[in-house]
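Participant: This structure is in structure tokens; I'll ask about it shortly.
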Amino acid sequence: MRSSGQDQQKVHTLWQRLHIDIPLLLGLLTLLALGLFLVYSAGGQEVAVVYRKARSIGVALLGMFIVAQIPPLVYRKWAVPVFVLGLLMLVSVLLFGHVGKGAQRWLDLGFIKFQPSEIMKLIVPIMIAWFVSQDSLPVKISTVVQAFILVLLPTLLIAKQPDLGTSLLIASSGIFVIFLAGASWKLISACVGLASAFVPILWMFLMKPYQKQRVMTFLNPEQDPLGSGYHIIQSKIAIGSGGIEGKGWLQGTQSQLEFLPERHTDFIFSVFSEEFGLIGVAALLAVYLFVVMRGLWIAVNAQHAFTKLLAGSLTLTFFVYVFVNIGMVSGLLPVVGVPLPLVSYGGTSMVTLMLGFGILMAISTHRRFHV
Amino acid sequence: MSPRRVVIRNQSAEANLFARRTFIAFSVVVLVLLVLFGNVFNLQVESFEKYQTRSNSNRIKLLPVAPNRGLIYDRNGVLLADNKPVYSLEVIAEDVDDIKASVEQVSLLLNISSERQAKFFKSMKSKRRFKPVELHSRLSDQQVALFSVNQHKFPGVFVNARLKRYYPFSDLTTHNLGYVARINRKDAKKLEQEGKSENYAATYGIGRLGIERYYEDMLHGTIGHQEVEINNQGRVIRTLNYTPPVPGKDLTLTLDIELQMIAKRALSGKRGAVVAMDPRTGGILAMYSNPSFDGNLFVHGISSKNYSKLLNSKDLPLINRSVQGYPPASTVKPFLALTGLEEKIITPDTQIHDPGWYQLEGLPNKYRDWKPWGHGMVNLTKAIEQSCNIYFYDLAFKLGITKISNMMEKFGFGDYTGIDIHEESKAIMPSVAWKRERYNKSWYTGETLSVGIGQSYWTVTPLQLTQALTTLVNHGERKVPHLLKANSELIIESSGNAYHQITPTIYEPRAPLKLKDDKNWNVVLEAMHSTVQKFGATAYKPFKGSTYDASGKTGSAQVARIKQDEKYDAKATSENQRDNAMFIAFAPFDKPEIVVAVAIENVAKGGGATNAAPVARQVMDQYFGDRVITSQTHKTKVNSATPTKHHEAD
């Protein structure tokens, strides 16, 4: 369509043909490499932990590369059936799911165990982007309402597992699509009002005691410094004691002496802040900002409403990870299980994120894409 | 691609809308990043010190290191209180593969009882796996050797050495030194109140009784610290800093352990006490109370069986008799005579007639002399030489209780001597006011007569007797009785040089006792001299052949009251009702170097001269050795010889 002569030339570069977006890849590799160093420091300086993390990175990069080869057209085509399949899997998780850490998240298919909620992180934005891009933008109110219902279904199913972090991410991925599709400001204000009204209902009927406890702890961690407040207090001590320059790699006493819990997963940002200080934090935030900027640049330059919305949503959801994780470990938000994207140890969420970036790369490189 | 209907799209309008929305989203992203960064900035820059402190208090722990307790020596440098290593067998659970088998095998090897094993497994449950747990608290040298050879078979099992107090002379020094015992709850509370808890954080024991208690602060030293890094389990990761403890000061006492041994030997089989003091300084040369007990028993925590044995013994070994009150009997007659002279009731030549009894006008009671037929005409010197009761009944009657007790208080009777142990008793110097307060009764003249021969309510401690005698031989110059001669402190200079800095203890002299007529001192002292040196005087026999020109005074105290016209017969009286034997002595006459007081309880036969004086003689013989001392003021039979043993004044 808008494929002009100058765009045509770019397509023929080597990376374009491999469907790799170099600036984005560099940003991602920086984060993944940092993850390796931090996991070594936070994981008791065990090479085995680093090895496992490296293997996940390999799998994730491969996944990203494969996904980048698929033209975005294919996602739109399969949006509905895949979404329906995803919902069915979420229902079956609740019915037959494998219980781990007090929550039903895993589905055991005999040969493989996986978390349907993870894959929903990709399916939901695809589905909503498909749904709202059928009409011309900006979206109509009736479409918004229908889209909301589509978002709410998987969100509630996942919240029921319970997995507050993932349901939050999935809800935001859908909402971002609706926002980027130009939902009217009046509607947005109304929704914010409605959401505020929903909070007491959420507190009284939907949240489990441990979730309420987390919120209470967030509001006043010092109330129970050795119990529920321990995580957040130790995390703030780790971050604060890092100072401007940090204690140095492998020198963080809070993490090396194991005062900090969940060091290599959710609280890896605290390890980073302790060892690399404010300077390190500034650099890390700059890398995240760069990745977000590149993602949004791809979205703005995408050639169709569907790809624009999908790219925008994936990028902004990636940022939600950053915000929620850093916010929670530094005491701005209650503790919800969201990892620091690409840096935390834990293969599942990283693979999902990298697949998302694969989609972004596909969007940025498959230019011959017509309605 | 099957849209529900064909839509005609305004592509550029859509792109513009999307770009606007993306820009808004991007602005929010930047804003959120700024908030995140601002929050981290607040933690890492604004509150940095707070969190750094909290991080350090998380990981840094001060482990207290106990200082070595100061040692105690006698005046000649003989070690009286030592710190000896005690070996315990300990196990660190996490270093042992099969803890049960390992403990069983090592117990079989070292013959450790199953009770100890059971205790071990019980205490293991409450300890962390990397902390040592005690399997045996006191290994014998043989067990230590046996284990050392087999140690390689028992990883995680090891021998730990701790220093504990050891008294090589055991019961010989217990009443003087006291002992160190485990800090109990009461001690801990007291330390807390005195703000010393921190200094005792690693200390096992604290001084009980005697020197150990009195000089606890000097002996204890200052705690050291090991600054270590720990992890969240409390496991020590590494040592960051080490401040060594400052050992306690070593103490040198005025005691002479050889003299102490002689005192013990002289008292063997008897209940009683000997105190020997240097009148030039007030330093105690020997102080022994028999029977005694072994202070070492208390260091490791005495068994209740042993303790009740000590507690219930009829001989009361736990009591330090050197500082407990006894009726002084005739040993106080020289002091009473001096009071008479001072108050001008008598002169050295005043004579009275002694028919063998004394009776107050208008009263039926007869006060008896120890000699049934009396001493005839008696002056002061004879009264002391022969210990004539009638002379002193008369003197006491004429003086009255108030003048007596006033003067006796100046000699220190009825009050603490101020010796550097806390177990001292004040004993009793009776007076009108004392009786009023104690019994709410008025004073009877008959009681004054009894006081005249050192009876009635009057009690003195052997230590008080040596103190009073010191004042007497010094013509009123008073000394503070004491055991501590000097302390020595290890000084480590910054250059690394280490040396012991010895600080002699200085005792402030007390205000002297002044007489109206200074000649009276010698009147009384001469009488004591002839009591020992004159043939036929009461203490002549026990000191016959001594070469150091001794002087003294005997005493025999009634413990049971004898009824009118009844004669005391030791054999017919139950053992604990028999008389006490007392004796005081000093030598040489011209320049006294030693004063001695002896008290012996419930003697079978005889009195002070036959029971107590020989004890003093043995102590003095040991003190003077082969020295022969000729009096310049008296013509004595012995001529000078080369002294072989010489005691310096302290």
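Participant: Those residues that are more than 23 Å from the chain's Cα centre (by Cα), in a helix (DSSP H, G or I) and not aliphatic (A, V, I, L, M), I need them from the range A:171-190; list them, please.
Facilitator: Selection gives A:Trp185, A:Lys186, A:Ser189.
Participant: Of the conditions (1) of a type outside the set (Gly, Ala, Ser); (2) in contact with a Gly (Cβ under 6 Å, 6 or more places away or on another chain); (3) at the interface with another protein chain (Cβ under 7 Å from one of its Cβ atoms), B:Val65 satisfies every one except a single condition; which number is it?
Facilitator: (3) is the only condition that B:Val65 fails.
Participant: Restricting to the range A:319-351, count the residues that are farther than 18 Å from A:Ala54 by Cβ and in a helix (DSSP H, G or I).
Facilitator: 11
Participant: For the structure I just gave you, tell me whether A:Pro225 is outside any helix (DSSP H, G or I), in contact (Cβ under 8 Å) with a residue 24 or more places away in the chain and either more than 23 Å from A:Asp163 (Cα to Cα) or within 13 Å of chain B (Cβ to nearest Cβ) (or both).
Facilitator: Considered against the rule, which asks whether it is outside any helix (DSSP H, G or I), in contact (Cβ under 8 Å) with a residue 24 or more places away in the chain and either more than 23 Å from A:Asp163 (Cα to Cα) or within 13 Å of chain B (Cβ to nearest Cβ) (or both), A:Pro225 comes out as no.
Participant: Then there's this: For A:Leu314, which of the numbered conditions (1) under 13 Å from A:Pro341 (Cα atoms); (2) in a loop (DSSP other than H, G, I, E, B) fails to hold?
Facilitator: Failing condition for A:Leu314: (2).
Participant: On the basis of being within 11 Å of chain A (Cβ to nearest Cβ) and under 20 Å from B:Ala201 (Cα atoms), does B:Ser57 make the cut?
Facilitator: yes
Participant: Continuing with this model, one more query. Return yes or no: is B:Thr610 farther than 21 Å from B:Ile257 by Cα, of a type in the set (Val, Ile, Thr) and at pLDDT below 90?
Facilitator: Against the criterion (farther than 21 Å from B:Ile257 by Cα, of a type in the set (Val, Ile, Thr) and at pLDDT below 90), B:Thr610 qualifies.
Participant: Moving to a separate point now. Does B:Tyr179 satisfy being more than 14 Å from chain A (Cβ to nearest Cβ) and over 20 Å from the mean Cα position of the chain (by Cα)?
Facilitator: no
Participant: Tell me which residues, restricted to the range A:147-188, are polar (S, T, N, Q) and within 14 Å of chain B (Cβ to nearest Cβ).
Facilitator: To start, the set of residues in the range A:147-188 that are polar (S, T, N, Q) comprises A:155, A:161, A:166-167, A:172-173, A:184.
If the condition is that a residue be polar (S, T, N, Q) and within 14 Å of chain B (Cβ to nearest Cβ), then A:Ser172, A:Ser173, A:Ser184 are the ones that fit.
Participant: Answer yes or no as to whether B:Asp278 is charged (D, E, K, R), more than 14 Å from every other protein chain (Cβ to nearest Cβ) and surrounded by fewer than 20 Cβ atoms within 10 Å (Cβ to Cβ). Spell out how you get there, then give the answer.
Facilitator: Working: charged (D, E, K, R): yes; more than 14 Å from every other protein chain (Cβ to nearest Cβ): yes; surrounded by fewer than 20 Cβ atoms within 10 Å (Cβ to Cβ): no.
When the stated conditions are applied, B:Asp278 does not pass them.
Participant: With respect to B:Gly234, is the statement that it is crowded, with 21+ Cβ neighbours inside 10 Å, at pLDDT below 95 and either assigned by TED's automatic domain parsing to the domain that holds B:Pro132 or outside any helix (DSSP H, G or I) (or both) true?
Facilitator: No; evaluated as a whole, the condition is false for this residue.
Participant: Right, here's the next one. Which one of the conditions (1) surrounded by fewer than 18 Cβ atoms within 10 Å (Cβ to Cβ); (2) under 21 Å from B:Ala273 (Cα atoms) does B:Asn306 fail to meet, given that it meets all the rest?
Facilitator: Going through (1) surrounded by fewer than 18 Cβ atoms within 10 Å (Cβ to Cβ); (2) under 21 Å from B:Ala273 (Cα atoms) one by one, B:Asn306 breaks only (2).
Participant: Here's a check for you: in the range A:292-322, which residue that is within 7 Å of chain B (Cβ to nearest Cβ) and crowded, with 21+ Cβ neighbours inside 10 Å is nearest to A:Leu28 (Cα to Cα)?
Facilitator: Checked the range A:292-322; the qualifying residue nearest to A:Leu28 (Cα to Cα) is A:Val292.
Participant: All but one of (1) in a loop (DSSP other than H, G, I, E, B); (2) over 25 Å from B:Ala537 (Cα atoms) hold for B:Tyr307; which doesn't?
Facilitator: (1)
Participant: Every residue in the range B:6-29 that is more than 7 Å from chain A (Cβ to nearest Cβ), under 21 Å from A:Phe323 (Cβ atoms) and either buried (at least 16 other Cβ atoms within 10 Å of the Cβ) or β-branched (Val, Ile, Thr) (or both), please.
Facilitator: B:Ile24, B:Val28
Participant: Name the residues in the range B:489-515 that are part of a loop (DSSP other than H, G, I, E, B), touching a residue at least 24 places away in the same chain (Cβ under 8 Å) and surrounded by 10 or more Cβ atoms within 10 Å (Cβ to Cβ), would you?
Facilitator: Step one: filter the range B:489-515 for residues part of a loop (DSSP other than H, G, I, E, B), giving B:493-497, B:505-509, B:511-515.
Among the residues that remain, those that are also touching a residue at least 24 places away in the same chain (Cβ under 8 Å) are: B:507-509, B:511-515.
Residues satisfying the conditions are B:Tyr507, B:Pro509, B:Pro512, B:Leu513, B:Lys514, B:Leu515.
Quick grid of which residues meet (1) among the basic types (Lys, Arg); (2) out of contact with any helix residue (DSSP H, G or I) (no Cβ under 6 Å at 6 or more places or on another chain); (3) crowded, with 18+ Cβ neighbours inside 10 Å:
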site: B:Glu94; (1), (2), (3): no, yes, no
site: B:Asp98; (1), (2), (3): no, yes, no
site: B:Ala101; (1), (2), (3): no, yes, no
site: B:Gln105; (1), (2), (3): no, yes, no
site: B:Leu108; (1), (2), (3): no, yes, no
site: B:Ser126; (1), (2), (3): no, yes, no
site: B:Lys131; (1), (2), (3): yes, yes, no
site: B:Leu139; (1), (2), (3): no, yes, yes
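Participant: Go through the range A:281-291 and give me each residue that's over 16 Å from the mean Cα position of the chain (by Cα), facing chain B (nearest Cβ under 10 Å) and either of a type in the set (D, E, K, R) or surrounded by fewer than 21 Cβ atoms within 10 Å (Cβ to Cβ) (or both).
Facilitator: If the condition is that a residue be over 16 Å from the mean Cα position of the chain (by Cα), facing chain B (nearest Cβ under 10 Å) and either of a type in the set (D, E, K, R) or surrounded by fewer than 21 Cβ atoms within 10 Å (Cβ to Cβ) (or both), then A:Ala282, A:Ala286 are the ones that fit.
Participant: Continuing with the same structure: Looking only at helices (runs of 4 or more DSSP H) that fall completely inside the range B:359-465, which ones have 1 or more residues that are farther than 18 Å from B:Met528 by Cβ?
Facilitator: Qualifying helices (runs of 4 or more DSSP H): B:389-410, B:432-439, B:445-452.
Participant: Inside the range A:254-275, can you point out the residues that are surrounded by fewer than 24 Cβ atoms within 10 Å (Cβ to Cβ) and not in a loop (DSSP other than H, G, I, E, B)?
Facilitator: Scanning the range A:254-275 gives a single hit, A:Gln256.
Participant: So, of the residues in the range A:245-269 that are more than 10 Å from chain B (Cβ to nearest Cβ) and among the small types (Gly, Ala, Ser), which turns out to be nearest to the chain's Cα centre (by Cα)?
Facilitator: This residue is A:Ser255.
Participant: Report whether or not B:Leu33 is surrounded by 15 or more Cβ atoms within 10 Å (Cβ to Cβ), at pLDDT below 95 and at negative phi.
Facilitator: no
Participant: With respect to A:His231, is the statement that it is part of a helix (DSSP H, G or I), closer than 26 Å to A:Leu164 by Cα and more than 11 Å from chain B (Cβ to nearest Cβ) true? Give the steps one after another, and end with the answer.
Facilitator: Details: part of a helix (DSSP H, G or I): yes; closer than 26 Å to A:Leu164 by Cα: yes; more than 11 Å from chain B (Cβ to nearest Cβ): yes.
So A:His231 fits the description; yes.
Participant: Among the residues of the range B:254-273, is there at least one that is in a loop (DSSP other than H, G, I, E, B), under 21 Å from the mean Cα position of the chain (by Cα), in contact (Cβ under 8 Å) with a residue 12 or more places away in the chain and under 22 Å from B:Ile428 (Cα atoms)?
Facilitator: Yes, some residue in the range B:254-273 is in a loop (DSSP other than H, G, I, E, B), under 21 Å from the mean Cα position of the chain (by Cα), in contact (Cβ under 8 Å) with a residue 12 or more places away in the chain and under 22 Å from B:Ile428 (Cα atoms).
Participant: Only residues that are surrounded by fewer than 22 Cβ atoms within 10 Å (Cβ to Cβ) and either within 26 Å of the chain's Cα centre (by Cα) or in contact (Cβ under 8 Å) with a residue 60 or more places away in the chain (or both): list them for the range B:604-623, please.
Facilitator: B:Thr610, B:Pro614, B:Gln618, B:Asp621, B:Gln622
The values are calculated or read from the model by the stated rules, or taken from the named source; none is laboratory data. These figures come from a predicted structure and were not determined experimentally. With ideal geometry, Cβ positions are generated from the backbone for all residues, glycine too; neighbour counts draw on all protein chains shown.
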